[in-house]
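Student: Structure incoming, see below.
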2 protein chains.
Amino acid sequence: MKVVIVGAGFGGLRLARKLNNRPGFEVVLVDRFNYHQFQPLFYQVATAGLDASNISFPLRKVFHGSENVRIRLAEMTQIHPERKEVVTDKESISYDSLVLALGADTNFFGNEQMARHSFPMKSTAEALQIRHSLLQNFEECLAITDHDELQRRMNIVIVGGGPTGVELAGALAEMKKYVLPKDYPELDFKKMNIYLLEGGGKTLPTMTEKSSVQSLRYLENLGVIVMTSTLVKNYDGNKVELADGKTIDAATVIWAAGVKGNVPPGFDKSKVVKGNRIKVDRHCLVEGYKNIYAIGDLAYMETPKYPNGHPQVASVAIQQAELLADYFRRIERKSTRFYEFEYIDKGSMATVGRNLAVVDIPKPRLHFGGFLAWLIWMGLHLMLILGVKNRFFVFFNWLYNYVTYDQNLRLIFREFNKPVK
Amino acid sequence: MKVVIVGAGFGGLRLARKLNNRPGFEVVLVDRFNYHQFQPLFYQVATAGLDASNISFPLRKVFHGSENVRIRLAEMTQIHPERKEVVTDKESISYDSLVLALGADTNFFGNEQMARHSFPMKSTAEALQIRHSLLQNFEECLAITDHDELQRRMNIVIVGGGPTGVELAGALAEMKKYVLPKDYPELDFKKMNIYLLEGGGKTLPTMTEKSSVQSLRYLENLGVIVMTSTLVKNYDGNKVELADGKTIDAATVIWAAGVKGNVPPGFDKSKVVKGNRIKVDRHCLVEGYKNIYAIGDLAYMETPKYPNGHPQVASVAIQQAELLADYFRRIERKSTRFYEFEYIDKGSMATVGRNLAVVDIPKPRLHFGGFLAWLIWMGLHLMLILGVKNRFFVFFNWLYNYVTYDQNLRLIFREFNKPVK
């Protein structure tokens, strides 16, 4: 069976590894980047705590010596289901089974002004852009004398109180506390405001009440201005307009308030459901097709336990990849017994800052906060990072940052002030 | 005394550090990057052995807690000697003494086609561009079926047989030998040719005869096609034209065949001499000015020992910075005794590959080759890199590469195929 997997995120990569060197399988893994991105740590790249390379793993290295996995650095432009072929910007590739594992991208909900002026953070490159822009902004503050303009420059607004927003807000607050005043002794960082805006009633809405309350307390202790039940209407590059008519002047807005599935161009719209996700059955098969599958953030699957679909998190993608690998192997050996997907939620966590994190585990029902949660968070993330060297470098960077209170990758490798779209 | 230093390379940074927290001095250090670049290892960034951040050190971190050094991320656009002021793209800065430490940039000797199509390697960003382009090129080779076009894509031409050219050729040859065939099992790397073209009669022309001979042997053993007494006439993006009428088809040409001083815009042309360098006296004072100095690659100084000027290397810049710091301190304490600059050549070295390097030391007259020279080269470069953390990361990267035969930073963080000018 020739399996073409499009997307090398948590789902696509896991599936390719599961089929690696399996007799009877030929695999083509297509991605627009030549590396796997470890999304949970984007926020540390953005805040200069980790190097982009620390959380990026070259795909070709994963499949060194593989007999059956081929990698293509390409962007898919079309699918021809009738002749079982995908077209990329470089070539056409035929398949027996096609797996769409393209993940999700930032959702600005159609607001183009918002999209143009605020920063998304759904790729390593976007995380680097945030880092460069934050630093460039402070460099420019040094030459600004107008009080209002300086205040606008010193305000940072993060939209979205989920894990990404919370973790980013916490990391920025620590930069403000420990690093920035030393870097820019000429600037008054009492003026720097970090706003975290959340549309719902609490931070970390998908976690337990305990985690929500604790994360809010941690953030407020770090000086983050958390505004819940606050909806953003617009941002023109200067001013954030809220639904209640209030405004916040800010030069930097980071948008972490929603995602939408990366449906490939030209894909049958009738299969696309809410959140721009592709409806699949419990074997990850796209409804109406015999050999097109979708997994991970892009896939929308209803089960009795999750009647409104699964959360768009790494562990769902990984478990779906494992189910699908098993499914393909059963097809190959002409088995007729197939398992249906059942998500096992192992828990969720978020870190706010030094010694501060929250961890929820559903079975047994456990909650951790503070230092212990922070240790669990670190240990787990280290385990999940691909490659011994990356793991070591991340660990050493963390140790260094912890001991010195200094995220020292404050390097502007790219010269621009505005997001590159 | 208010000293404005433009350029934070080896010379400018050393001078700023020497004046750091010295009573009586106010220092402004201006650079267009927010980090110091460790130029000697650019070639390892280009060949995916080191991370850009490993050899880049945030300037603001160097001067944490400094009472008198201020940093400005800016580009100098003009000098007004009459009112003792420099203008940058952000603001005007007055000075008592101005030190030009802008270094040197790639010299394409007026050949615009050459400049447009070949890669320079005089900044971290340019080194990263080479890395990205090399990798992107192999990715694209996978979809190429035409034999001639594939051969053109597999040819890499390096122009210039000095240390940069030699080190880069050696590192590429090792990638070809150890890494690329594993990354791209579908490509035939017997077809990959690495050409090193040198206009003069030997590689490493500024070193001893022994070093030249050894480096040539090392390179040829690694499979590099070394062509000495070979002048390049042109490169149109497809074909390298040599002076003798021969041509080499190549998609990638790296230009390491000459530098020119970065004379600031609008600077008095009458002070600019050969190599686009600024003529200075033995106190680094620009002739005809009372308070404008130049040091390092940009400065041209004649001494009895160096009647044709000094080599454009880091140690000249560092020694000139130290002389100038002493000079300024003497001025401040109204001393009238000043030392004249005398360059102390501590030796030179170049590395070709694993266990292969050459080292020349003039006093006592010593030469090392092979493994011992390689150890000396590594030890010295580790010592010279700024910052404990960078030193550790470089060391660990080297150790990793040495043990695994794998430069594993093969990451394309930027999406482009052509050099960005």
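Student: For A:SER335, go 7 angstrom from Cα along the Cα-to-Cβ vector, then report the distances to that same point in the other copies in nm, smallest first.
Tutor: 8.4
Student: For peptide A:388-395, what's the mean number of Cβ atoms from other chains within 10 Å of each residue's Cβ?
Tutor: Per residue, the number of nearby Cβ atoms from other chains is 2 on average.
Student: Long-range amide H contacts for B:ASN355: which residues qualify at under 5 Å (H placed 1.01 Å from N, peptide plane, sequence gap of 5 or more or a different chain)?
Tutor: For B:ASN355, no residues qualify.
Student: Follow-up. What is the helix-to-structure angle for B:314-332, meaning the angle in degrees between its Cα long axis and the longest Cα principal axis of chain B, kept from 0 to 90 and rounded to the nearest 10?
Tutor: Its long axis makes an angle of about 10 degrees.
Student: Farthest toward the dipole's positive end in region B:31-155, which of B:GLN113, B:PRO58, B:THR124, given Cβ charges of +1 (Lys, Arg) and -1 (Asp, Glu) about the Cα centre?
Tutor: With unit charges placed on the Cβ atoms, the residue in question is B:PRO58.
Student: What is the magnitude of the charge dipole of region A:1-156 about its Cα centre, with +1 placed on the Cβ of each Lys and Arg, -1 on the Cβ of each Asp and Glu, and no other charges, expressed in debye to the nearest 20?
Tutor: For this selection, approximately 820 debye.
Student: Just check the protein assembly as shown against the gyration tensor rule for me: Cα atoms, a ≥ b ≥ c as the square roots of the eigenvalues, rounded for a/c under 1.5, and otherwise prolate or oblate depending on whether a/b exceeds b/c.
Tutor: Judged from the Cα gyration tensor, the protein assembly as shown comes out oblate (a/c at least 1.5, b/c at or above a/b).
Student: Report, in debye and to the nearest 20, how large the dipole of chain A comes out about its Cα centre when Lys and Arg carry +1 and Asp and Glu carry -1 on their Cβ.
Tutor: Here the size comes out at about 1280 debye.
Student: Write out the trypsin sites (Lys or Arg not before Pro) in region B:294-374 meeting two conditions: DSSP loop, and at most 11 other Cβ atoms within 10 Å of their Cβ.
Tutor: B:LYS305, B:ARG333, B:LYS334, B:ARG337, B:LYS346, B:ARG365
Student: Further, regarding this structure: For region A:155-238, state which GluC sites (Glu not before Pro) are in a DSSP loop and have at most 14 other beta carbons lying within 10 Å of their beta carbon.
Tutor: Those satisfying the criteria are A:GLU186.
Student: Would you work out which of A:PRO362, A:GLY237, A:GLN78 lies farthest towards the positive end of the dipole of the protein assembly as shown, given +1 charges on the beta-carbon of Lys and Arg and -1 on that of Asp and Glu, about the Cα centre?
Tutor: A:PRO362
Student: Is region B:1-150 best put as rounded, prolate or oblate by its Cα gyration tensor, with a ≥ b ≥ c the root eigenvalues, rounded for a/c under 1.5, and otherwise prolate when a/b is larger than b/c, oblate when not?
Tutor: Taking the square roots of the gyration eigenvalues as a ≥ b ≥ c, region B:1-150 is prolate.
Student: Continuing with the same structure: For region A:219-232, what does the Karplus curve 6.51 cos²θ - 1.76 cosθ + 1.60, with θ = phi - 60°, yield as ³J(HN,Hα) per residue in whole Hz, taken in order and with x for Gly and Pro?
Tutor: 5, 5, 4, 7, x, 6, 8, 8, 10, 8, 6, 10, 9, 8
Student: Have a look at the DSSP beta bridges in chain A and tell me what percent are antiparallel, nearest 5.
Tutor: 50 percent
Student: Give me the distance in nm between label points sitting 7 Å out from Cα along the Cα-to-Cβ direction at B:PHE109 and A:THR77, one decimal.
Tutor: 4.2 nm
Student: Summing +1 for each Lys or Arg and -1 for each Asp or Glu, what net charge is found among the other residues whose Cβ lies under 12 Å from the Cβ of A:ASP183?
Tutor: Charge balance near A:ASP183 sits at +3.
Student: What is the sum of charges around B:ASP345, taking Lys and Arg as +1, Asp and Glu as -1, for the other residues whose C-beta is under 11 Å from the C-beta of B:ASP345?
Tutor: +1
Student: Next up: Look at the axis of the rotation that sends chain B onto chain A, then give the chain B residue with the nearest Cβ and the distance in whole Å.
Tutor: B:ASP51, 3
Student: Could you give the angle, 0 to 90 degrees to the nearest 10, between helix A:124-141's Cα long axis and the longest principal axis of the Cα atoms of chain A?
Tutor: With rounding to tens, the tilt is 10 degrees.
Student: Check A:GLU26: other-chain or 5+ apart residues with amide H under 5 Å from its amide H, H built from backbone geometry?
Tutor: Result for A:GLU26 returns A:LYS2, A:VAL3.
Student: Oh, and also: Along Cα→Cβ at 7 Å, what distances in nm separate the A:PHE109 label point from those on the other copies, shortest first?
Tutor: Values, ascending and in nm: 6.3.
Student: What does the copy distance list look like for A:PRO307, label position 7 Å along Cα→Cβ, in nm and ordered from shortest?
Tutor: Ordered by increasing distance: 9.7 nm.
Student: To the nearest 20 debye, what is the magnitude of the charge dipole of region B:108-160 about its Cα centre, counting +1 on the Cβ of each Lys and Arg and -1 on the Cβ of each Asp and Glu?
Tutor: Dipole size: approximately 260 debye.
Student: Which percent of Cα-Cα pairs in region B:240-386 sits in each 5 Å bin, short to long?
Tutor: Pair shares across the bins are 2, 8, 13, 15, 14, 14, 13, 11, 6, 3, 1, 1, 0.
All of the numbers you see were taken from the coordinates with simple rules; none came from a lab. Worth saying up front: this structure is predicted, and the values here are computed from it rather than measured. Using ideal geometry, Cβ is built from the backbone for each residue, glycine included, and neighbour counts are taken over all protein chains shown.
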